Amino acid sequence: MVEAMERRIREATLKERNTLKRDYIGQVWLGKTPYNVSAKAMELVTRQWRIALGAIPTKSHPTRPALGPCTDQFTKQYGVICSHDLLARHNAKKLPILREDFHPY
């Protein structure tokens, strides 16, 4: 039973490493964080990034709906930077995000 558990842990670790390499490494806005945080944290912050992108004006869509007010609930719950902070950093040209933007737990 212990051997089966160790095997599952090794497989999960390998899967997480491969996911990080394939999906997140090389994205400029993430910087080096994919090397330092879990795949789950990367998934959460990527979802927030997509929400923030929806509020960024482009040439084809110069007016975009603004994000609602920030309640800070997402960051408190998950320990990950929220879409409001990502949008503010994008506008201030302070990307990529850093390891310190993630709660250490």
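A compact table of results
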{"quantity": "Mean ellipticity per residue at 222 nm, deg cm²/dmol - from DSSP H runs of n ≥ 4 across the chain, formula -39500 (n - 2.57)", "calculated": "-15500 deg cm²/dmol"}
{"quantity": "Signed unit charges on C-beta, dipole axis of the chain, positive-most listed residue Val2, Tyr24, Ala41", "calculated": "Tyr24"}
{"quantity": "Within region 1-92, GluC sites (Glu not before Pro) in DSSP loop having at most 11 other beta-carbon neighbours inside 10 Å", "calculated": "none"}
{"quantity": "Apportionment of accessible area to carbon and sulfur, the chain, percent (1.4 Å)", "calculated": "57"}
{"quantity": "Rg over Rh, two decimals, the chain (C-alpha only, Kirkwood Rh)", "calculated": "1.07"}
{"quantity": "Of the DSSP H helices in the chain, those whose Cα atoms cover at least 15 Å axially and whose Kyte score averages -0.5 or more", "calculated": "39-53"}
{"quantity": "About the Cα centre, charge dipole magnitude for the chain (Lys/Arg +1, Asp/Glu -1 at Cβ), debye", "calculated": "360"}
{"quantity": "Residue with peak Gaussian network fluctuation, the chain [Cα springs, cutoff 10 Å], from Pro69, Pro57, Pro34", "calculated": "Pro69"}
{"quantity": "Accessible surface, per residue, of the chain when the full set of protein chains is kept, probe 1.4 Å, Å²", "calculated": "74"}
{"quantity": "Relative contact order, percent, region 25-96 [alpha-carbon distance under 8 Å, six or more residues apart]", "calculated": "39"}
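The values are calculated or read from the model by the stated rules, or taken from the named source; none is laboratory data. Values in this document were obtained by computation on a predicted structure and should not be read as measured data. Note that we place each Cβ from the backbone using ideal geometry, even for glycine, and neighbour counts take in every protein chain shown. Note: accessible area is taken over every heavy atom of the protein model, side chains too, but ligands, DNA and RNA are not part of it. Shrake-Rupley method; radii C 1.70, N 1.55, O 1.52, S 1.80 Å.
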